[in-house]
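*Asks:* Got a structure for you, questions after.
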Amino acid sequence: MNRSLESFENITKFKTIGVFTSGGDSPGMNSAVRAVARTCAFHGVQCIGIEQGYRGMIENKMIPLGPRDVSNIVHRGGTFLRTARCKEFMEKSGRKQAFENLKKHGVEALVCIGGDGSFTGANIFEQEFGIPTLGIPGTIDNDIFGTDFTLGYDTALNTVVEAVDKIRDTATSHDRIFFVEVMGRDAGFIALNAGIASGATQILIPETQDTFEDVFSALETARKNGKTSSIVLVSEKDELGSVFDIAKEAKNHFPDYDIRVTVLGHIQRGGAPSCLDRVLGARFGVAAVEGLLQGRKNQMVGVKGQDISYTDFDKAVKQHNPLDNSMVRVAKILAGT
Ligand code: F6P
């Protein structure tokens, strides 16, 4: 056997590990589930897939996941285990039911693929019922503290860039200004990076306090500099208001401009995962199972630079990933000239 495969030290000897996806789906989740199932098999541990996240735990929807049960999913978007946001798990009675069901299947530890709400639930669950969990950050928003990249973010960026490239064809053909709304919950990672990649004239994100004057002056400068069309990328929770409010203000200020609005919506969550997200899912899945076998619990797997990292759930859920201000500067330099 290859030496790097031999070097692993398994100290906890779990017989069965459960895996589930929770909260919003994101591309790459299937790659992570596949990696969890196959890493379990590699270490002689049984893997149980729990359908629909915490809801499936409470409703006893559990299926064995052998290496062949996860064939043919690495390239698919969404999550084949399905997912849910589950109110019942917020109640102790719901968590007790979940624990009873896990016990029936012999599940001794869990891998939770989801976001900060899902990790908060896992943390409480461990304190009450002693089931250790490792988390994998699965969200397109990239807003979770403790990792440079969340699963699905890269795919969502590519989806946005592809869509904006198409919108640009109409914008340039008609000399129009398009206000395009992208997702990101209350973080501007998608808008900022997709905006740089797609050549947006202005990027509006919650982390920067832009005013309407800033928006008007950016559009005016663009016209003066010879731009006949513009794309303005607006993050869904920008403090100036909804994309429709912002476009309306712009139309009032520039009655002669031909202005349109596009909301990209859930297409950003769908589609085949990018290579980067598939690889990230694979690395996260291996690191989650091996972390559990090495005695870790209540931590989120992440990637820092080139390396796998582990961050306590407490920290991951309380803090937010800070936006890189140097990227805001890059955006402003390129858009403003
Ligand atoms: O967290 C992922 C995300 O897609 C956010 O970007 C967005 O605000 C939210 O989920 C939408 O949630 P739902 O699918 O429940 O409407």
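*Asks:* Once amide H atoms are built 1.01 Å from N in the peptide plane, which residues 5 or more positions from Ser274, or in another chain, come under 5 Å H to H?
*Replies:* Thr155
*Asks:* Send over the Kirkwood Rh of the chain, from the inverse of the averaged 1/r over different Cα pairs, rounded to one decimal Å. Walk me through the intermediate numbers first.
*Replies:* Details: mean 1/r = 0.0475 Å⁻¹.
Averaging 1/r across every pair of different Cα atoms and inverting gives 21.1 Å.
*Asks:* Could you work out the Kirkwood radius for the range 148-212, taking every pair of different alpha carbons, averaging 1/r and inverting it, reported in Å?
*Replies:* It is 12.6 Å.
*Asks:* In addition: Quick one: plug the Kirkwood hydrodynamic radius of the range 203-337 (C-alpha pairs) into Stokes-Einstein at 4 °C, 1.567 mPa s, and report D in µm²/s.
*Replies:* 70
*Asks:* Hey, another quick one. Return one number: the angle in degrees, 0 to 90 and rounded to the nearest 10, between the long axis of the Cα atoms of helix 29-42 and the longest principal axis of the Cα atoms of the chain.
*Replies:* 20
*Asks:* Rounded to the nearest 10 degrees, what's the angle between the helix 92-104 long axis and the longest principal axis of the chain, both from Cα atoms, 0 to 90?
*Replies:* Tilt of helix 92-104: around 50 degrees.
*Asks:* Okay, moving on. Calculate how steeply helix 116-129 sits against the longest principal axis of the alpha-carbon atoms of the chain, using the helix alpha-carbon long axis, and give the answer as 0 to 90 degrees to the nearest 10.
*Replies:* That works out to roughly 20 degrees.
*Asks:* Please report, as a whole percent, how much of the solvent-accessible surface of the chain comes from carbon and sulfur atoms (probe radius 1.4 Å). Mind dumping the intermediate values first?
*Replies:* On the way: 7520 of 14870 Å².
C and S fraction of accessible area: 51 percent.
*Asks:* Still on this model: Return the single residue from Asp214, Asp307, Asp116 with maximal mean-square fluctuation; model: Gaussian network over the chain, springs between Cα atoms under 10 Å.
*Replies:* Ranking Asp214, Asp307, Asp116 by mean-square fluctuation puts Asp307 first.
*Asks:* Follow-up question, since we're still on this one. With θ set to phi - 60°, apply the Karplus curve 6.51 cos²θ - 1.76 cosθ + 1.60 along the range 180-188 and write out the HN-Hα couplings as whole Hz, x wherever there is a Gly or Pro.
*Replies:* 10, 8, 10, 7, x, 6, 9, 10, x
*Asks:* What is the set of long-range amide H partners of Leu65 at a cut-off below 5 Å, with H atoms built 1.01 Å from backbone N?
*Replies:* Residues meeting the criterion, in which the H sits 1.01 Å from N, are Cys47, Ile48, Gly49.
*Asks:* Identify unpaired cysteines across the chain, taking unpaired to mean no other cysteine Cβ lies under 4.7 Å from the residue's Cβ.
*Replies:* Lacking a cysteine Cβ partner under 4.7 Å: Cys86, Cys112, Cys275.
*Asks:* Sticking with this structure for a sec: For Thr12, enumerate residues with amide H under 5 Å from its amide H, sequence gap 5+ or separate chain, H modeled in the peptide plane.
*Replies:* Gly295
*Asks:* For the peptides 36-43, 10-17, what is the packing order when you average, over each peptide's residues, the other Cβ atoms within 10 Å and list the highest mean first? All intermediate terms of the calculation are to be shown ahead of the outcome.
*Replies:* On the way: 36-43: 22.0, 10-17: 14.6.
Packing proxy ranking, top to bottom: 36-43, 10-17.
*Asks:* In whole percent, what relative contact order does the chain give with Cα contacts below 8 Å and a gap of six or more residues?
*Replies:* Values: 752 pairs, mean separation 82.2, N = 337.
The value is 24 percent.
*Asks:* Follow-up question, since we're still on this one. Taking a probe of 1.4 Å, how large is the accessible area per residue of the chain, in Å²? It would help to have the intermediate numbers written out before the result.
*Replies:* Details: 14870 Å² over 337 residues.
Ligands and nucleic acids excluded, the result is 44 Å² per residue.
*Asks:* With contacts defined as alpha carbon pairs under 8 Å and 6 or more residues apart, what's the relative contact order of the range 1-110 in percent? Write down the numbers at each step before the final one.
*Replies:* Values: 191 pairs, mean separation 39.1, N = 110.
36 percent.
*Asks:* OK, next. With viscosity set to 0.890 mPa s and temperature to 25 °C, compute the Stokes-Einstein D of the range 1-105, Rh being the Kirkwood radius across alpha carbon pairs; µm²/s, no decimals.
*Replies:* Working: Rh = 14.7 Å.
Roughly 167 µm²/s, to the nearest whole number.
*Asks:* Using a 10 Å cut-off on Cβ atoms, rank the peptides 152-164, 132-144 from the highest mean neighbour count down. Could you put the intermediate results ahead of the total?
*Replies:* Numbers: 152-164: 23.2, 132-144: 27.2.
Ranked by mean Cβ neighbours within 10 Å, highest first: 132-144, 152-164.
The values are calculated or read from the model by the stated rules, or taken from the named source; none is laboratory data. Quick caveat, the model's predicted, so the values are computed rather than measured. Positions of Cβ are backbone-derived with ideal geometry, glycine not excepted, and every protein chain shown enters the neighbour counts. SASA here: full protein model, heavy atoms, side chains in, ligands and nucleic acids out. Shrake-Rupley method; radii C 1.70, N 1.55, O 1.52, S 1.80 Å.
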